[in-house]
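Scroll down for the structure; my scribbles are underneath it.
The values are calculated or read from the model by the stated rules, or taken from the named source; none is laboratory data. In this text the structure is predicted, and so the values were computed from the model without any measurement. Note that we place each Cβ from the backbone using ideal geometry, even for glycine, and neighbour counts take in every protein chain shown. For accessibility, only protein heavy atoms count, side chains too; no ligands or nucleic acids. Shrake-Rupley method; radii C 1.70, N 1.55, O 1.52, S 1.80 Å.
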Amino acid sequence: MAAVRGTVDYWNMASEEALVHVWLNIDNAQTIFTTVAVLATITFPITTIGNTAIVLSVWMDPLRKLRSSTSIFIIFSMAVADFLVGLVACPLTAFWGLASLYKYTNASFHFLNFFSMLINVSVGHILLLSIDRFFAVVTPLQYRAKVTSKRICIVSIACWIYFLLFGFVFSLLQKHYALMGTLYNVQILCILICIGVINVFTLYRFHKYSQAPKHWMTSMRGYLGK
């Protein structure tokens, strides 16, 4: 990092400068680029086929039982985002890894705008799914009233719009790639922390509810014993 700061302004580093001054000069760069290319190549068919099956199972459900669940809209939207990750982002990532491996410096980071947007959309939907499960466990009696299909569609569309705008701003600020990349990582980190906190609290409440009948039976047995 000190070497980078000695040659260019780190926070105003463009994507091309990041490729030349950082990625191509780090230790074990060839191993990293080869690993990225191999993982992206392996992930491509798995992600594409798996999420295609999810989308088709929801879309072509003859009895429409899956569509009766409100959370299935979140899963469907997330599957679409993951499908695009596998179909578009993974091949581009594999190409970038191979191009960087052979130090083809014209392979810039512009495709990462689209990639980061899709990753953010997917992670954002995991957050929405965690919130949905939180309401289902914590407020089961009010769940149907609070979590409706209309609200689920609204928040899913809002998630897409927000991260599309983020990717668009990322494209406009390519000359400040390091700064935007830092904001991207901080954003992902905050979302992951929220997901972890919500899931831990949801599991705690679920465990507490699962223990309630046992405490009730123990109390009743003590009362009847008297």
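Miscellaneous remarks
- Sub-7 Å Cβ pairs linking a first residue in the range 164-185 that is free of Cβ contacts under 8 Å to residues at least 24 places away in the same chain to a second residue that is in a helix (DSSP H, G or I), at least 6 apart or interchain, are L173/M180; M180/F170, ordered by first then second residue.
- Lone unmet requirement of (1) within 17 Å of the chain's Cα centre (by Cα); (2) open to solvent by 50 Å² or more (accessible area, probe 1.4 Å); (3) farther than 30 Å from F95 by Cβ; (4) aliphatic (A, V, I, L, M) for L129: (2)
- Y223 modelled with pLDDT under 75 and among the aromatic types (F, W, Y): yes
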